[in-house]
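Inspection log for the structure reproduced underneath, given as structure tokens.
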Amino acid sequence: MTPVPLLLLFTAGVAVAGYGLVRYSRRALRDPYDATAIGTVVESDLDAETSARRGDYTPAVSYEYVVDGVTYRHDRVRANTDPLSRRGGTVLLGEFHEDAEVTVHYDAADPERAVLVPPEGGGSWLVLAVAGSLVAIVAAALGVAGV
């Protein structure tokens, strides 16, 4: 490979890595559920009204948890707000049934912000893996070319 395509490939790898890092840090700042507590599910059912209106399956789960001696009650199940399929909603309701002991993920700076299913950062890591691959290809090509 000539140096120009390698330079373009390397630049693309660095740009993709930058994009991945920005995306990951924004998600971390937006969803800082960095602490956990053991909680108990108080109510668990399907939110029939919201589910019918949106055409998906929205679990309605209320849970209580204690942080520094203060009891909190919350109803946010997932940090991700994408709609659930029938199977996904059923699985969540089965996992978070009434009286179930659950791990509550909450914001240490604001314990009233909590979820049962924290955000997933998998997409950001995939972007970083692609960027690393591009840079590795360039490094390998430079090593073979003796540049």
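Readers should treat all values here as calculations from the given coordinates under stated rules, not as data from a laboratory. The structure presented is a predicted model; accordingly, all values stated were derived computationally and were not measured. Glycine also receives a Cβ, built like all others from the backbone with ideal geometry; neighbour counts cover every protein chain displayed.
Put in order of Cβ neighbour count within 10 Å, fewest first, the listed residues His105, His97 become His97, His105.
In plain terms, the C-alpha convex hull of the range 35-118 casts an average shadow of 5.1 nm² when viewed from every direction. This model, with +1 at the C-beta of Lys and Arg and -1 at the C-beta of Asp and Glu, gives the range 35-118 a dipole about its Cα centre of some 380 debye.
Summarising the amide proton neighbourhood of Thr36: residues at separation of 5 or more, or on other chains, whose placed amide H is nearer than 5 Å comprise Tyr106. Evaluating 6.51 cos²θ - 1.76 cosθ + 1.60 at θ = phi - 60° for every residue in the range 87-104, the Karplus couplings come out as 5, x, x, 5, 4, 4, 5, x, 6, 10, 6, 4, 6, 6, 8, 10, 8, 9 Hz, glycine and proline recorded as x. Under the criterion of Cα pairs below 8 Å and six or more residues apart, the relative contact order for the range 35-118 equals 38 percent. By other beta-carbon atoms within 10 Å, ranking Tyr57, Tyr72, Tyr63 with the fewest at the front produces Tyr72, Tyr57, Tyr63.
Coupling constants for the range 72-77 follow from the phi torsions by the Karplus curve (6.51 cos²θ - 1.76 cosθ + 1.60, θ = phi - 60°), and in residue order they are 10, 10, 9, 9, 7, 8 Hz; glycine and proline get x. For Asp47, nonlocal amide neighbours, meaning residues 5 or more places apart or on other chains whose placed amide H falls under 5 Å from its own, are Thr58, Ala60.
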